[in-house]
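What follows draws every value from the coordinates through simple rules; no lab data is involved. These numbers come from a predicted model, not from an experiment. Neighbour counts are summed over all protein chains in view; Cβ atoms, including those assigned to glycine, are modelled from backbone coordinates with ideal geometry.
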Amino acid sequence: MVFVPITSNVPANCTRGKLPPYIHKLERSPAGDGRNAWAICNHVMTVRLSRLERFHGSDQSGNYRLKVPKISTSDFSAVLDCVANGIVVLRDRFKTHQEHAFAELREKHATEMKQIKAEHVTETQAAIEAYLEELTRPSAA
């Protein structure tokens with residue numbers, strides 16, 4: 001079970017105009033109190049189902065009720081899209097870290113290969129010289 005936090009506070013990114021792709025302004029607050037509400041979809045979390053409880057409130061006639069907040073189907077669809085967008089942001093972050101790690105590994109590999117090639121050339125040159133020395137050495141006969 002994945003949960004997305006909902007806030008009635010205007011997100012900081014909202015004051016500059018367009019919302020980031022991982023924040024969705026709900027059509028109406030699930031609390032039913034008329035306040036604006038935003039789903040912050042890059043802060044997904046998991047919660048144990050046994051911890052879920054209904055909210056205490058009252059209906060239109062003032063009778064005490066336990067309420068289960070709900071959002072519209074269109075809001076739910078938009079929240080799912082925003083969660084996917086939020087995960088893309090996380091994926092890009094991990095991809096950047098991975099690219100840096102691979103760059104370091106490539107550099108280390110290139111350095112080691114250069115060293116191995118230099119050692120190979122030196123050893124090959126020494127073997128060639130030893131073989132030529134053996135071929136050109138005057139025989140003891």
- Query: Does any residue of the stretch 81-98 turn out to be of a type in the set (Lys, Arg), farther than 30 Å from Pro11 by Cα and assigned to a helix (DSSP H, G or I)?
  - Reply: no
- Of the residues Leu19, Leu90, which single one is out of contact with any Asp or Glu (no Cβ under 9 Å at 6 or more places or on another chain) and either among the small types (Gly, Ala, Ser) or surrounded by 14 or more Cβ atoms within 10 Å (Cβ to Cβ) (or both)? Leu19
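Go through the residues of the stretch 60-79 one by one and say whether even a single one is under 21 Å from the mean Cα position of the chain (by Cα), in a helix (DSSP H, G or I) and either surrounded by 14 or more Cβ atoms within 10 Å (Cβ to Cβ) or of a type in the set (Lys, Arg) (or both).
Yes, the stretch 60-79 contains a residue that is under 21 Å from the mean Cα position of the chain (by Cα), in a helix (DSSP H, G or I) and either surrounded by 14 or more Cβ atoms within 10 Å (Cβ to Cβ) or of a type in the set (Lys, Arg) (or both).
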- Output the qualifying pairs, or none if there are none: Cβ atoms under 9 angstrom, residues six or more apart or on different chains, first residue in the stretch 50-79 and over 19 Å from Glu27 (Cβ atoms), second residue among the polar types (S, T, N, Q). Tyr64/Ser58; Arg65/Ser58
- Looking only at the stretch 35-54, decide whether some residue is within 29 Å of Ala12 (Cα to Cα), polar (S, T, N, Q), in contact with a strand residue (DSSP E or B) (Cβ under 9 Å, 6 or more places away or on another chain) and in a loop (DSSP other than H, G, I, E, B). yes
- Query: Any residue at all in the stretch 102-116 that is within 30 Å of Ser29 (Cα to Cα), assigned to a helix (DSSP H, G or I) and of a type in the set (Gly, Ala, Ser)?
  - Reply: no
- Query: In the stretch 55-72, which residues are farther than 22 Å from Asn42 by Cβ and among the β-branched types (Val, Ile, Thr)?
  - Reply: Val68
